Each structure stands twice: as structure tokens, then as C-alpha cells.
Amino acid sequence: MCGIIGYSGHREACPILLDGLERLEYRGYDSAGILVSDNGMFHTAKRSGRLSNLRRAVEEHPLRGCCGMGHTRWATHGGPTDENAHPHGTERVMLVHNGIIENYLSLRELLLEQGYSFQSQTDTEIAACYLDYCYHGDPIDAIREALNGIEGAYAFVIMFSDHPNTLYAVRKDGPLLAALGNGENFVASDVTAVIRYTNRYLVLDEGEIAIVTPERIRLIGLDGCEHHKEIQTVTWDVEQAQKDGYEHFMLKEIHEQPDALRHTVSPRVKNGLPDWTGDGLPQDFFARFNRIQIVACGTAMHAGMIGKSVMEKLARIPVEVDIASEFRYRDPILTEDTLVIIVSQSGETADSLAALRLAKARGLATLAIVNVAGSSIAREADYVLYTFAGPEISVASTKAYSVQISLLYMIAFTLGRARGTLSEEQERSLTAQLLSCEKAVRDALALQDQIEASVRPLVDAEHLFFLGRGIDYALACEGSLKLKEISYIHCEAYAAGELKHGTISLITEGTPVIALCTQTALLPKMLSNIKETTARGASVFVIAKQGETISGDVADTVLPLQDFDDLFMPFPAVTVLQLIAYFVARARGCDIDKPRNLAKSVTVE
Ligand code: G6P
């Protein structure tokens, strides 16, 4: 997870690297470092903590030169210290790295025998020294030889002091692209880092080396053959990756949900029905499967839980949802009539990518739901459905979830029709309701001030419960994740009927409970479960449809949502849960867009 930026051009590299790192900081923010080459003289600056620490250091001691690289770190091997900050290496060879070198201990032994010594506790320094060890004057030969000996995941940008204005970039299981400017070129973990300078880029394939100079970007394979590939163009602009007057990216992204939903759903509706031809899916694609396996991590996995509920209900097809890191190591039972759906905002999550590869290796059909175009998962899946949410910068995922579930709903409609559980008329009516979710989310956003005021009693909570039944339980999981990740309040999501089997012992006088009651059919059962908590002193915040009768002895606070079909309630309800998390975290003075210990894109196992 770490962010990488490289620059070779005619301008001073330092400000460009710092600017790129600022945009990549969401990938990790334990430390930051840059290296600038002044005609082969390497100058570095590294600081633990936020990028602002590095900025201050560079202001005091400016680094001059027109070629360089920068790194923002999410610590794996070695704590978040100055010494462990990247770049690492020797006088001849320096590099920045995103990934994990798995055989670093054996490489370390070898290098110690050769007389190398190390300044950090990182696996990256070992890789850099190993590259130095392999270097006999030809950078490509050295990279090729070093990669033969290195095991693990990596995206490297490498500089050799005797090739002063050249960056070498190579990757395996970590994202990296090379971007084309005018008399200047770039390397970056993702395109947000360079979008201010250019919208044209090349995605590096695994085992491909990019040689980046101010004049050109050459791509060569590990076999030495020159590669030529299509230049990709970013369709969004720099404004979309900025806060746009909002205090935080998270709030901006919550508010972008209606547009994101429209952009994702509308192009896939023809004559009032879902149509997948624009995504290149064969006509009868969904009719081929009798089982669905959804695999994802974090918020994307929670979206999968909603997908399961909707698909099973509408299409009567068995759906399993797995956490990618569990799926890949549990030898899953997968029949050949199973469609594996990988859901990922970034398209780079290491465990989700590995799950995709496992499914492919078993010969199964794979479909990816991904937000970032050209990402590894999007490229490797048999088919990809892009969500058009635009860049999501805040570590806490919001709009990505809404668009992910919108596509899972559409898939459910198509499956239902293909399996004969839905008529054309029903499919049409469901599609129309899905299109109207954009408005339901706008209505939920209009409750923002009311939410901000009503969350005050939650701000000082030490722990808190989210309850729900059915689809509301899946929502509770996401609401709980959102709140705990950004506010640091310990939260648990519980299936409301399960609480009494143990967890209710944690409810004492004043324990806050957020109860999701959006499913009219389950409301009486929910009310009984809520009463079980109020009887033990819980203070309950209910989210329910307007007009439902919730008496004052059940709830301390009721947040009323516009009436809408039960099935589609997750769209407005998740918006409310996101706003609850946001306003609680803001009142607690938390660093909302960059919560501690987390990173947006997790490219390590
Ligand atoms: C990280 C992020 C989460 C995200 C998860 C999966 O943990 O902090 O917000 O849900 O990765 O990411 P993906 O890009 O695969 O959706």
C-alpha cells in the first residue's frame, strides 16, 4: 500500500514530488521521503509521520535537481521511523518500494556475507542492496538479475547514480504506471498523483521495465524485447480529485453518491431494462451460472453482503460472500457453474487479486466490479463492470459502496429474469426503482443537519452497537466499520436476534445502540430486540422509514427516512450511516480522511 511518484523532466523535481505525494498520502502516511538527483549526486530527505514533516525539512534544506522519486509509507517491516522511510539503497543504487519482499531474510544473509550493512529494519533496504550487488554497469541486466532472486510483491522505482536523469520502474502484484508529459515524464502508483500535469499514461504489465527519461518512456520486457502499448487517457480532471470546498474528502464523496449512482446505473439501462452489452458481456452471460461467489475486502465485502441478500431474494440463486484473505486459503468448494464476482474499489487489493487468480486457476468464470480503470483486478478478470464513482480519496470508502451495490442489484435483476424468478414487468419495475435511488440518497443527504445535531450523545461513547435484521444486518456491518475506522469508538454490528446469545451482557446503563429498522416486514421483531436492550439501560438511536410507529419508550432518537421499497432502503440508509460516522468523528477531532493505521489501497497480504 505505500505510494510512489517519480519525475524526470526539465523542472525542479522536488515540488512535483511533494505534490504527488500529497495526492498519494491516502495510500499510507507513516513516513515520507524523496530523493532528487543533481546530475548523479543523490540528495535525500526522509521524515517519519505526515508529509508536512518532510515538507518542513525540505523547506529548510532545499533539494535541487530535475529527476527524482518520492514515497509515502504504510509500515510493514520496521516501525514508522525516519530510518525506515524510503528511499533506500547505496551510493550507486536507490529505490522506493511498495510491497513486501518475502525472502528478505535469506537475501540479508547473503548480503551480510558480501560485506553489506544496513541502516533500517526494512525489507526494502535489503532489496535495494541486493540490486546494488547485482549491478555491474548495466541497469537492465541488474534489474533482471535481481528480480530473479527476489520473491514477493513489489512496485519499484529505481535510480542509478551513473544514469542521472533516468528512472527505472518495474512491478509485480503492486500497481505502477508511467505517465507522459511534454519534455517530462512520470511514474506513479496511481494517476491521481500526476493528473495535474498529464492525463496520458501507460499501465505497466508485470515483468515489464519502464525506462523513463525527460524525452521518452521505453518499455521493455524481462527478455529484453521492446514493448509498445496503447496510451490510456484519464477522463476525469484534477478538480474531481480535490475537496471542492468540502471540509473533508469523505464528506465530499458522501455527497457525490447521487451522481455516482446515475453515472453507474443509467448507461446500463436500455428500454427500461439492464443491458450489459456496453460492458462486453455475452448476451446469455448470467444464464450460465447456478451459484455466485462474491469475494472482497472491507467495505467492498459489505457491499457483497447486500448483493447476496438481493440476489438470493430476487433470483433464488445461492450466493456465498467471502473475505478475500480467508477465501484464498480455505480451499473453497467451487463448482464449474459458479460465477466468481470480485468487488474492489481500487482494483489493487492484494488479497482480492489473489482470490481472483485462484478462481481463474480453478477454471471459473470471473467478473470484477471495480472503480479504478486499468487496475490489476480489472485487467485480469474475464469481464469487468466499472463503477463510475470517480476518484475516491478518503480512506473510509463511501460512494464506492453505493455504486458497488447498485451493480449487484442490476446483476440480481438480470439473474432473476434469466432464471425465471422475475417477469419482464417486474425487472422493469425494479430497474425503475433502482434509478430512483439517486433521489432517495439526495433526500437522505438533506437530513445532514439533523444528523449532525442528533449524534451529539454518541460522541463520547466508548463502545457502541449496531443492530439490524436481514439486509439491515449487512448495513449494520458497514455502519459499524465506518464509525470505528474514523472515530476510534469501539463498535460492533450484531444481527438483532443474536444479541441475546451473549453480547447483550455488554449492554449497561447508557450504552448507545444504533438500530436499523428500514425493513417494514421485520419491524415488529426489531422492536422486540430493541426493547431487550432498553430494558438493560441502552440508549437507542433508530433509523426507520417515516411513518413507522416507534414509540418514545423504544427509542431516544428516531431518524426518519423517506418511505421507499424495503429492498432499496440500503441506498438512503447507508448515506445516513456514513454521515453519522462522519459527524461523530469530526466532533471527536479525528483525522477523518486519514485514520490512524489504515490505508486506502492495501497491496500487501
Ligand atoms: C482498505 C480500505 C477500505 C476498503 C478495503 C478494500 O482496507 O481502507 O476502505 O474497503 O481496503 O479495498 P478495495 O479497493 O478492494 O475496495
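Quick note: the coordinates plus some simple rules give every number you see, no bench work behind them. Keep in mind the model is a prediction, meaning the values are calculated, not measured. Here the Cβ positions follow ideal geometry from the backbone for every residue, glycine too, while neighbour counts run over all protein chains shown.
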By the Cα gyration tensor axes a ≥ b ≥ c (a/c under 1.5 gives rounded; else a/b larger than b/c gives prolate, otherwise oblate), the shape of segment 57-167 is oblate
Partner aspartates and glutamates whose C-alpha sits under 19 Å from that of LYS531, ignoring same-chain residues fewer than 8 away, are ASP472, GLU492, GLU498, GLU509, GLU548, ASP553, ASP556
Here the relative contact order (percent) of segment 97-222, from C-alpha pairs under 8 Å and at least 6 apart, is 21
Length gained if ALA432 through ARG11 is fully extended, taking 0.36 nm per residue and subtracting the Cα-Cα distance, is 146.3 nm
Projected onto the charge dipole of the chain (unit charges on the beta-carbon of Lys, Arg, Asp and Glu, signs +1, +1, -1, -1), the Cα from VAL576, CYS66, ILE393 with the largest positive-side position is that of VAL576
Surrounding charge for ARG536, neighbours by C-beta under 13 angstrom, Lys/Arg +1, Asp/Glu -1, total 0
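Rounded, prolate or oblate: which fits segment 318-435, taking a ≥ b ≥ c as square roots of the Cα gyration tensor eigenvalues, rounded meaning a/c under 1.5, else prolate when a/b beats b/c?
Verdict is oblate for segment 318-435.
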Once normalised by the length of the chain, the mean sequence separation of its alpha carbon contacts under 8 Å that are 6 or more apart gives a contact order in percent of 12
To the nearest 10 degrees, the tilt of helix 123-134 (Cα long axis) against the first principal axis of the alpha carbons of the chain is 30
So the angle from the long Cα axis of helix 471-487 to the longest Cα principal axis of the chain, reported in degrees to the nearest 10, equals 50
If the chain between GLN546 and ARG316 were fully extended at 0.36 nm per residue, the gain over the current Cα-Cα distance would be 79.8 nm
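Treat every Asp and Glu Cβ in segment 243-391 as -1 and every Lys and Arg Cβ as +1, leave all other atoms uncharged, and give the resulting dipole magnitude about the Cα centre to the nearest 20 debye.
That gives segment 243-391 a dipole magnitude of about 240 debye.
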Set LYS313/LYS594; LYS229/LYS399; LYS308/LYS360; LYS252/LYS482, cut-off 26 Å on Cα-Cα distance; pairs above it are LYS313/LYS594; LYS229/LYS399
Checked segment 455-538 with the C-alpha gyration tensor, a ≥ b ≥ c its square-rooted eigenvalues, rounded below a/c of 1.5, otherwise prolate if a/b is larger than b/c and oblate if not; verdict oblate
Packing-ranked peptide list from 275-281, 532-538, highest mean Cβ count within 10 angstrom first, is 532-538, 275-281
With +1 on the Cβ of every Lys and Arg and -1 on the Cβ of every Asp and Glu, the dipole magnitude of the chain about its Cα centre, in debye rounded to the nearest 20, is 960
Descending packing, highest mean Cβ count within 10 Å first, for 132-138, 167-173, 518-524 is 167-173, 518-524, 132-138
Highest mean packing first, using Cβ neighbours within 10 angstrom, the peptides 421-433, 353-365 sort as 353-365, 421-433
Summing +1 per Lys or Arg and -1 per Asp or Glu among the other residues with Cβ less than 12 Å from TYR494's Cβ gives -2
Summing -39500 (n - 2.57) over every DSSP H run of at least 4 in the chain, dividing by its residue total and rounding to the nearest 500, the 222 nm mean residue ellipticity is -10500 deg cm²/dmol
